[in-house]
Amino acid sequence: MTIRRGALRFVVALAALAAWPAFAQNFLWRVDSLTNHAWLFGTVHAGSPDWYPLPKAVAEAFDDSATLVVEADITNRAEMDRHAPSMSYEAPDTLRNHVPPPDYARFLRLLARFGIPEADAARMKPFAAASLLVLAEWTRQGFLPQLGVDAYFLEQAKQRKKPVVELEGVATQAKLMESVTPAEGIEFFEGTLTALEEGYAAEQIQGMVRAWRIGDPELMLQVARRYDDKVKGAARFEEKFVWSRHDAMVAKISDWLEGAGGTRFIAVGALHLVGPHGLVEMLRAKGYRVQQIFVAPQGEKKNE
């Protein structure tokens, strides 16, 4: 159950380092309506201990907010456990029965690379099995799910007794994962195997972390597009698990901005914020003032 919950946690976050260096931007935006404001912060779902504490501007935005908003509360173990079985086949069925034998052999080689026993993944469906491998690659690159930025804010909210609201929720995200067809699952599985074998996954992880650290949304989008160009089916899965979710997210954020309830700190995967179909531009299109927070590098001052 722990392995399955771990894979589900990473997928739920899926759908967006030394002492914190000086950089020109945070992955942080302020969104203003006529009567309210909210903070949008792009997160990385696995992290490193030396990322913390987060930059002062991020901490101040969190302090300014009455409520923490996350995509889904990954600390809700009961809800995670309730949906974890949907990621696996019922015994005696196994993954081996649902993917081409050459791909299963590749999968076994990658499990060995990451030190994961075959028994821990044998009954996973292709989408979950591929996600487990991606989680292992993040760990191999030095970034642990339990140190992800979302988990950090959830812990901070718990310590401060700050209310937590879900933008989508575990059930909604699990339903999206359950909608993956067998053909889609195999395509994602095969593409992930190739990405890991060829180093594309490692390249994407390092590129996304770098873009996040320097607060560069254009670079974040470029990294995602390079991966999409190299990996079969990646663009289709990005559409399904990232961009297709934004209309509902924007509608909920807009309701909050137009209503009462105080300021909200909205922490979502960083990729959700970038590009023409990201939350930042979609909220601007609705007439809200959206401004990225500028942090001057050491020895420089912000231009007033």
Fraction of accessible area attributable to carbon and sulfur, region 40-183 (%, probe 1.4 Å): 55
Derived scalar couplings ³J(HN,Hα) [region 99-116; Karplus, 6.51 cos²θ - 1.76 cosθ + 1.60; whole Hz; x for Gly, Pro]: 10, x, x, x, 5, 5, 5, 4, 4, 4, 5, 6, 4, 5, 4, 8, x, 9
Cα-centred dipole magnitude for the chain, charges only on beta-carbon of K, R (+1) and D, E (-1), debye, nearest 20: 360
Contour minus Cα-Cα distance for residue 229 and residue 281 (0.36 nm per residue): 16.4 nm
Tail beyond 24 Å, pair distance distribution of the chain (Cα, percent): 52
Leading residue at positive end of dipole, the chain (Cβ point charges), from 148, 288, 180: 148
Per residue accessible area of the chain, 1.4 Å probe, in Å²: 46
Cα radius of gyration and Dmax for region 33-84 (Å): 14.5, 42
Fully extended contour minus Cα-Cα distance, from residue 86 to residue 25, at 0.36 nm per residue: 18.0 nm
Among 106-119, 64-77, the order from most to least packed when residues are scored by Cβ within 10 Å on average: 64-77, 106-119
Convex hull volume per residue for region 191-294, taking Cα atoms only, in Å³: 103
Protection proxy ranking of 158-165, 214-221 - average other beta-carbon atoms within 10 Å, highest first: 214-221, 158-165
17 Å Cα-Cα reach of residue 232 towards aspartates and glutamates, excluding residues that sit fewer than 8 places from it in its own chain: 103, 184, 187, 190, 197, 198, 203
Region 176-223 shape via C-alpha gyration tensor axes, a/c threshold 1.5: oblate
Cα gyration tensor category, rounded, prolate or oblate, for region 68-142 with a/c compared to 1.5: oblate
Computed lengthening from residue 160 to residue 243, 0.36 nm per intervening residue step minus Cα-Cα distance: 26.6 nm
Positive-end residue, region 33-178 charge dipole about Cα centroid, Cβ charges, pick of 42, 157, 104: 104
Tensor-based shape of region 141-184 (alpha-carbon gyration tensor, a/c under 1.5 rounded, otherwise prolate or oblate): oblate
Among 173-180, 96-103, the order from most to least packed when residues are scored by Cβ within 10 Å on average: 173-180, 96-103
Long pairs among 125/175; 175/230; 162/240, criterion Cα-Cα beyond 20 Å: 175/230; 162/240
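The values are calculated or read from the model by the stated rules, or taken from the named source; none is laboratory data. Since this is a predicted model, take the numbers as computed values, not measurements. Neighbour counts are summed over all protein chains in view; Cβ atoms, including those assigned to glycine, are modelled from backbone coordinates with ideal geometry. Areas reflect the complete protein model, heavy atoms only, side chains present, ligands, DNA and RNA absent. Shrake-Rupley method; radii C 1.70, N 1.55, O 1.52, S 1.80 Å.
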